[in-house]
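The values are calculated or read from the model by the stated rules, or taken from the named source; none is laboratory data. Nothing here was measured: the structure is a model prediction, and the numbers come from that model. The protein model used for the area step is the full one, side chains on, heavy atoms only, and it has no ligands, DNA or RNA in it. Shrake-Rupley method; radii C 1.70, N 1.55, O 1.52, S 1.80 Å.
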Amino acid sequence: MSKYVFPENFVWGTATSSYQIEGAANEDGRGESIWDRFSKTPGKVKDGSNGDVACDHYHRYRDDVALMKDLGVRAYRFSVAWPRVLPKGRGATNAAGLDFYERLVDTLLAAGIEPYLTLYHWDLPQALQDEGGWANRATAEAFAAYADVVSRRLGDRVKKWITHNEPWCAALLSNQIGLHAPGLRDYRAALSVSHHLLLSHGLAVPVLRQNSPGAEVGITLNFAPTFPASRSAADLDAARHHDGYFNRWFLDPLFGRHYPADMIADYIEAGHLPPEGFTDVRPGDLKIIAAPCDFLGVNYYNRTVTRSDKVPEEENLPRTVHVAPRSEWTDMEWEVYPDALRQLLTRLHLEYGPAKLYVTENGASYSDGPDAEGRVRDERRTRFLRDHFVAARRAIDAGVPLAGYFVWSLLDNFEWERGYTQRFGIVWVDYTTQKRIPKDSALWYRGVIAANAVDEG
Ligand code: FCB
């Protein structure tokens, strides 16, 4: 059995997001978000549920922090709900909202857990959506003002800032495919959204640096390592397109390259951009977006295998196919493929060279619940995490400056359009009683953190 030891001071953490766990949706002056509106629109969320109560973390955060302390977790990645702080998105701040995050941060620090604060994990104030949302360039400026409000208050204590979580989801999944709030299906608007998200990131970076001296500032992207289904020229081209659509579209501008030229050409050809090109990009924007960062956050769940046949014409997406047997899927029907994490981290290091990387999310949905003794034997999740930790360790061996790893998620929670049907937690949540039970994977994770090592098993 091999033992994989991690570098000294490797950051072991857990991750959550505001709308998925907080609840208290109508308390203490919180404004409406696009997820409140979307989840209450019939047919949008699989089980008809919403985040009104979720894990009731807004009231139970002290217990949740104590739980993390007990597991030995060193860092906690959470997000701030913009409409809790600025109920209308801009203008008047809501003191009770800021107070909540201050209490959370102070409780974390007292427990020896470092806060990693994400500013935007998809809960845009509905008032801003009513003005066009992220398709409206003014939202980028509103975001920078929001970043200012939060970092003025917490910048002395929070020293790790993540501007955005997964702009691919906030742009394409939400505005082109329409599966997430605000549920639009408008490719051209979705591309405008992508640009304004990146612009808002670039505008916020100097604000965060100013208000939080010595802090590390970065952004989290989600990646779909893309493999062609065959070596045919058509499948290779489908893989190129998918990699551009999902990965390079965000990476390239963040790292000082323009939006990828091959994608601009594809989008013009498909009519998703006008013949003049990406007209949302104004002079100076690309420089703002490429503001140097201290780290890149990497969310990885699964890979994509593409083949050339197109799915619904209007989407112009390459078809993605499953090549693994069902036994290797999680309950999300996502393939388990740990080695793509090693390949992804190595690629990011070699092609883009971020100063530092964190895996800001990785985890698996498996429904295993408490047995007769009240124990949750989620061996599949433990195996999933172990194999991905090993893949990450191999990337470190290959020279990747990976500084930490955040397991998604601390708690079972509201999984967006799938509602409460998917359980990603290392801690079981009984949604009727709000009782928490650390699953076997959490107890195993405690051992990994204590040893700073993982056995291959
Ligand atoms: C990621 C999201 C996170 C969670 C996981 C399963 O895309 O960032 O909120 O839903 O997927």
| said: Give me the base-10 log of I(q)/I(0) for segment 1-59 at each q in 0.12, 0.21 Å⁻¹, Debye formula, one uniform scatterer per Cα, rounded to two decimals. | reply: -0.46, -0.83
| field | T421 accessible area, assembled protein chains, probe 1.4 Å, Å² | value | 60
| message | So with the 1.4 Å probe, I'd like the accessible area per residue for the chain, rounded to whole Å². | response | 36
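Going by the alpha-carbon gyration tensor, a ≥ b ≥ c the square roots of its eigenvalues, is segment 1-124 rounded (a/c under 1.5) or, if a/c is not under 1.5, prolate (a/b greater than b/c) versus oblate?
Working: a/c = 2.27, a/b = 1.59, b/c = 1.43.
Prolate shape, in that a/c is at least 1.5 and a/b is the bigger ratio.
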| Does segment 331-394 classify as rounded, prolate or oblate by the C-alpha gyration tensor (a ≥ b ≥ c root eigenvalues; a/c under 1.5 gives rounded; else a/b over b/c gives prolate, otherwise oblate)? | prolate
| query | Roughly how many whole Å is it from the C-alpha centroid of segment 317-395 to that of segment 403-457? | reply | 13
| Setting aside same-chain residues fewer than 8 positions from K435, which lysines have a Cα under 19 Å from its Cα? | K69
| said: If each DSSP helix of 4+ residues adds -39,500 (n - 2.57) and the sum is divided by the residues in the chain, what number results at 222 nm, nearest 500 deg cm²/dmol? | reply: -11000 deg cm²/dmol
| remark: Heavy-atom accessible area of the chain with neighbours in place, 1.4 angstrom probe: carbon+sulfur share in percent works out to 50
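Against the globular-protein guess of 2.2 N^0.38 Å, express the Cα radius of gyration of segment 52-204 as a ratio, rounded to two decimals. Provide the component values of the computation, followed by the final result.
On the way: Rg = 16.0 Å, N = 153, 2.2 N^0.38 = 14.9 Å.
My calculation over the Cα atoms of segment 52-204 gives 1.08.
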| query | Within straight cross-link reach of K160, meaning Cα distance under 16 Å, which lysines are found once same-chain residues fewer than 8 apart are removed? | reply | K356
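Quick check: from the Cα gyration tensor, does the chain come out rounded (a/c under 1.5), prolate or oblate? Let's see the in-between values first.
Working: a/c = 1.36, a/b = 1.10, b/c = 1.23.
Note, shape of the chain comes out rounded.
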| task | Compute the semi-axes of the equivalent ellipsoid of segment 219-272, taking the square root of 5 times each eigenvalue of the Cα gyration tensor, and list them largest first in whole Å. | result | 20, 15, 8
| remark: Here the gain from full extension of K88 to T320, 0.36 nm per residue of separation minus their alpha-carbon distance, amounts to 79.6 nm
| request: Scale the Cα Rg of segment 346-446 by the rule-of-thumb value 2.2 N^0.38 Å and send over the ratio, two decimals. | output: 1.24
